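**Q** Sharing a structure, written as structure tokens. Questions coming.
The values are calculated or read from the model by the stated rules, or taken from the named source; none is laboratory data. Keep in mind that what you see is a predicted model, and the values were worked out from it rather than measured. Every residue, glycine among them, receives a Cβ derived from its backbone with ideal geometry; neighbour counts consider all protein chains shown.
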């Protein structure tokens, strides 16, 4: 912040204070949250208080140098593979020019595993407890990034009805919000897993696994807005490492969910209701998280294939012939598999679908969404004063608008929204999360202004669906606005020879 608003150059002391804050806050965060974690180790986990005290002391003493060395060492990944050697590794640790979160995290996990083995603690329970608080440590670290000015994204120019604002993309702010969301999810999972001895035995390690499944996809998307160089098919170092961590989380999740895993059963029948309730809540939480993570990754892959590798033409862009316009239907059609999978997911979880596919009750919110959609189309087609093609180009516009509106309403307002409510979370949380997920691809493809407008419109559509207890009114509004959003590039005339 100091750097990108020009304050560091005008007042150098602010840059120095920012650096001091950055490192001191991270160090203090490790100490404070290590103490919080240690309290959970002897209550409710039941480890010896004396052993936990010694374990925590060694952890606090060693974690700083370990994380520092790991964060520096990862800089070697930016060098060509043939240059890798022990001398280069030592050089990066001693005098490297960059820190990487994932490098520090990987070495910290190794340190924790070794320390747990020495103290004969259960590795899975130690990792669960430490990784419960890791997002909060990350939050404090990213506040330092936000102030100092590191890890920000490329410059963003916002144009909105004659208003212009140019600024660097505040990626650390997005990371702070992501890590807070991950923490609150992990805390809820942790409280359930360690609510009783049998559920603890059955699901220990699931908090650590959940972190590996939640944060890496978010970080992969955040890298889209940063300016890191690609090291592997256009992917940055962080994206490659996060992909490997996510794969590790998938493997661990299959191990934990393996039905033949032996568990110790309790003799008292009184614990059965508590156990079943805990398992049911974990199923609801992870079925919601599975869909959300899948959508985040799918949005990234759509962006990656269409904008970075460019092996899949983005269908919503200007066309130069009628055959080209009809060809866009073909390029868009694979996206329809996503809502189809969402419907299958809802059916498999035995969540009612049919009630949301009818017009159950009237709500005035429908007219608000309808007015917004009609006005946006009117602005694009009338007020802008552009020249448009004839009726022959309208069938592909209608087809793609229908496919897009139906698909996105099924994905976000039917599947994701209902799974979040079922978790259960409040309605406002469900609506906010589905709107953010809906806006993500718009943000990546079309920029910050369109992404923000998509978020607001997603909130409106979520309210319409909730008030009407149906996605049909939201679909009608969505279809109308898509006539403008999709129709604008397909119908726009271009000068001959362009």
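**Q** Could you go through segment 308-322 and let me know if any residue there is under 29 Å from residue 422 (Cβ atoms), assigned by TED's automatic domain parsing to the domain that holds residue 435, modelled with pLDDT under 95 and within 27 Å of the chain's Cα centre (by Cα).
**A** no
**Q** While we're looking at this one, here's another question. Is there a residue in segment 287-306 that is part of a helix (DSSP H, G or I), within 22 Å of residue 402 (Cα to Cα), out of contact with any helix residue (DSSP H, G or I) (no Cβ under 8 Å at 6 or more places or on another chain) and at pLDDT 90 or above?
**A** no
**Q** Tell me, which residue of segment 107-142 that is touching a residue at least 60 places away in the same chain (Cβ under 8 Å) and out of contact with any helix residue (DSSP H, G or I) (no Cβ under 6 Å at 6 or more places or on another chain) is surrounded by the most Cβ atoms within 10 Å (Cβ to Cβ)?
**A** Ranking the qualifying residues of segment 107-142, first place goes to 134.
**Q** Are any residues in segment 366-387 touching a helix residue (DSSP H, G or I) at 6+ places or on another chain (Cβ under 6 Å) and modelled with pLDDT under 90, and if so, which ones?
**A** 380
**Q** Just the residues that are surrounded by 20 or more Cβ atoms within 10 Å (Cβ to Cβ) and in contact (Cβ under 8 Å) with a residue 40 or more places away in the chain, please, taken from segment 442-459.
**A** 457, 458
**Q** Here are some conditions: (1) surrounded by fewer than 19 Cβ atoms within 10 Å (Cβ to Cβ); (2) part of a helix (DSSP H, G or I); (3) under 20 Å from the mean Cα position of the chain (by Cα). Residue 424 meets all but one. Which one does it not meet?
**A** For residue 424, the exception is condition (2).
**Q** State whether the residues of segment 430-437 include one that is without any contact (Cβ under 8 Å) to a residue 40 or more places away in the chain and not in a helix (DSSP H, G or I).
**A** No; the residues of segment 430-437 include none that is without any contact (Cβ under 8 Å) to a residue 40 or more places away in the chain and not in a helix (DSSP H, G or I).
**Q** Same structure, new question: Return yes when residue 418 is in contact (Cβ under 8 Å) with a residue 60 or more places away in the chain, more than 16 Å from residue 335 (Cα to Cα), in a helix (DSSP H, G or I) and in contact with a helix residue (DSSP H, G or I) (Cβ under 8 Å, 6 or more places away or on another chain) and no when it is not.
**A** yes
**Q** Take segment 148-180 and flag every residue that is part of a strand (DSSP E or B) and either closer than 30 Å to residue 34 by Cα or at pLDDT below 75 (or both).
**A** Within segment 148-180, 157, 158, 159, 160, 163, 164, 165, 166 meet the criteria.
**Q** If you check 392, 474, 415, which single one turns out to be surrounded by fewer than 23 Cβ atoms within 10 Å (Cβ to Cβ) and outside the structural domain of residue 164 (by TED's automatic domain parsing)?
**A** The match here is 392.
**Q** Let me ask something additional. I need the full set of residues from segment 332-386 which are within 18 Å of residue 457 (Cβ to Cβ) and surrounded by fewer than 16 Cβ atoms within 10 Å (Cβ to Cβ), in order please.
**A** Hits for segment 332-386 are 364, 367, 368, 371, 374, 375, 378, 379.
**Q** Mind checking which residues of segment 338-357 are over 16 Å from residue 402 (Cβ atoms) and out of contact with any helix residue (DSSP H, G or I) (no Cβ under 7 Å at 6 or more places or on another chain)?
**A** Correct list: 341, 344, 347, 348, 350, 352, 354, 355.
**Q** Then there is this: Would you mind stating whether residue 145 is surrounded by fewer than 21 Cβ atoms within 10 Å (Cβ to Cβ), closer than 21 Å to residue 104 by Cβ and at pLDDT below 80?
**A** Judged against the criteria, residue 145 is not a match.
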